[in-house]
Amino acid sequence: MADYSRYQKKIIDRYYKNFDAIAFQRLSELATDLYLAEGKQQDKLWKRVEEALTKLEFPESRIAHLLDKRDPQLLVAILKELDQKA
């Protein structure tokens, strides 16, 4: 393992303490981008949504359902649900 300075360790610690908030913000931005995207760009964004939800340990069955429907409104509903849990 690499030796990190105290400053670097603090940055790393803060990142992991705020990981949920960072992931939530990223998903919010993806939801906005999905409303505006078309074609192949939309496919790439849905992959990023899947990765982000997996990192947040969201249930696989719900992720699969979201990806089957590919409806940005469902993603917004999930974001509201995650916001209420936090």
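The values are calculated or read from the model by the stated rules, or taken from the named source; none is laboratory data. Here the structure is a predicted model, which is why all the values come from computation and not from measurement. Positions of Cβ are generated from backbone atoms using ideal geometry, with glycine treated the same way; all protein chains shown enter the neighbour counts. What goes into the accessible areas is simple: the full protein's heavy atoms, side chains included, and nothing from ligands, DNA or RNA. Shrake-Rupley method; radii C 1.70, N 1.55, O 1.52, S 1.80 Å.
Compute the length gained on full extension between GLU50 and THR32: take 0.36 nm times their separation in residues and subtract their Cα-Cα distance, giving the result in nm to one decimal. Don't jump to the answer; show the numbers that get you there.
Working: separation 18, 0.36 × 18 = 6.48 nm, distance 1.53 nm.
Once the chain is fully extended between GLU50 and THR32, it gains 5.0 nm.
Here's the picture: charge each Lys and Arg Cβ at +1 and each Asp and Glu Cβ at -1 in the chain, and of GLY39, PRO59, TYR7 the one pushed furthest to the positive end of that dipole is TYR7. Once neighbouring chains are kept in place and the probe is 1.4 Å, which whole percent of the accessible area of the chain is contributed by carbon and sulfur? After summing per-atom areas, the C and S share lands at 49 percent.
The long axis of helix 40-55 is offset from the longest Cα principal axis of the chain by roughly 50 degrees. Checking every one of the chymotrypsin sites (Phe, Trp or Tyr not before Pro) in the chain against DSSP loop status and a limit of 11 other Cβ atoms within 10 Å picks out TYR4. Angle of helix 6-17 to the longest C-alpha principal axis of the chain, folded into 0 to 90 degrees and rounded to 10: 30°.
The residues SER28, SER5, sorted by heavy-atom accessible surface at 1.4 Å with ligands and nucleic acids left out, run SER5, SER28 from largest to smallest.
Just the number please: accessible area per residue for the stretch 14-86, 1.4 Å probe, all protein chains included, in Å². Working shown, then result.
On the way: 5350 Å² over 73 residues.
That works out to 73 Å² for each residue.
The lysine pair tally for the chain, using Cα distances under 30 Å and a gap of 8 or more places or different chains, is 26. Remark: spin-label model distance ASP13-ARG70 equals 4.5 nm, labels positioned 7 Å along the Cα→Cβ axis. Taking Cα atoms only, the orientation of helix 19-36 departs from the longest principal axis of the chain by about 30 degrees.
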